[in-house]
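The values are calculated or read from the model by the stated rules, or taken from the named source; none is laboratory data. Remember, predicted model here, so these are calculated numbers, not experimental data. So basically every Cβ, Gly included, is an ideal-geometry build from the backbone, and we count neighbours across all protein chains shown. Accessible surface areas use protein heavy atoms only, side chains included; no ligands, DNA or RNA. Shrake-Rupley method; radii C 1.70, N 1.55, O 1.52, S 1.80 Å.
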Amino acid sequence: MGDGREILEALRRHGVPFVIIGAHAVNFHGYGRATEDTDVVWVRSPAAEQALLEALTELNAQYIGNEIDPATNIERTYAVTLSFVQNNHLMMLCTAQGFLDLFDYIPGFPEDDVRELLASSVDSHGLRYTSVQWLRKMKKASDRPKDRVDLENLPE
């Protein structure tokens with residue numbers, strides 16, 4: 001599994017409009033901590049859905065279904081399809097490069113326009129990271145123990 005960079009580069013290469021949130025954004029804003037996945041918010045449109053499908057196909061992204069495979073006794077995984085992309089607001093995926101969580105809304109603020117998150121984001125080498133202000137808002141809304149630690153260590 002990678003550090004998420006390959007996932008982010010595939011999304012960028014395919015022209016998916018997205019903003020990096022979660023621990024990768026925490027690291028970008030100066031507080032280093034480990035993470036098990038890559039979290040992004042993407043801006044949905046028909047063109048973006050197609051671009052996302054192409055990126056996810058390149059990454060061999062799969063989602064975990066509810067059926068148990070009798071041969072392995074674990075949940076079956078399924079390749080991502082256009083219908084899956086079009087019908088899910090949160091996609092929790094596994095790829096050979098790591099885990100990817102895709103939101104088409106702002107976590108903790110589902111009624112806010114994701115384009116606002118994109119407009120206020122910070123560019124770094126062609127990748128967009130959420131602003132520290134939005135990151136702090138999302139961390140406060142989530143209020144998990146690791147988010148409280150992040151808040152103590154992120155700049156104001």
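Fully extended, how many nm does the chain gain between ILE68 and ARG44 (0.36 nm per residue separation, minus their Cα-Cα distance)? Please report the intermediate quantities before stating the final value.
Details: separation 24, 0.36 × 24 = 8.64 nm, distance 3.13 nm.
Stretched fully, the ILE68-ARG44 segment lengthens by 5.5 nm.
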On full extension of the chain, what length is gained from TYR31 through ARG76, given 0.36 nm per residue of separation minus the C-alpha to C-alpha distance? 12.6 nm
Roughly speaking, what is the centre-to-centre gap between the range 81-101 and the range 20-37 when only Cα atoms are used, to the nearest Å? 20
With n ≥ 4 as the cut-off for DSSP H runs, can you work out [θ] at 222 nm for the chain, using -39500 (n - 2.57) per run divided by the number of residues, rounded to the nearest 500? -11000 deg cm²/dmol
Looking at the chain as a GNM with Cα springs under 10 Å, which of ILE20, ILE68, ILE106 has the largest mean-square fluctuation? ILE68
Working from Cα positions, state the angle (0 to 90°, nearest 10) between the long axis of helix 132-142 and the longest principal axis of the chain. 60
Dipole in debye (nearest 20) - the chain, about Cα centre, beta carbon charges: Lys, Arg +1; Asp, Glu -1: 320
Of the accessible area of the chain, computed with a 1.4 Å probe and all protein chains kept, carbon and sulfur make up a percent value of 51
To the nearest 10 square angstrom, what accessible area does THR57 show with a 1.4 Å probe? 90
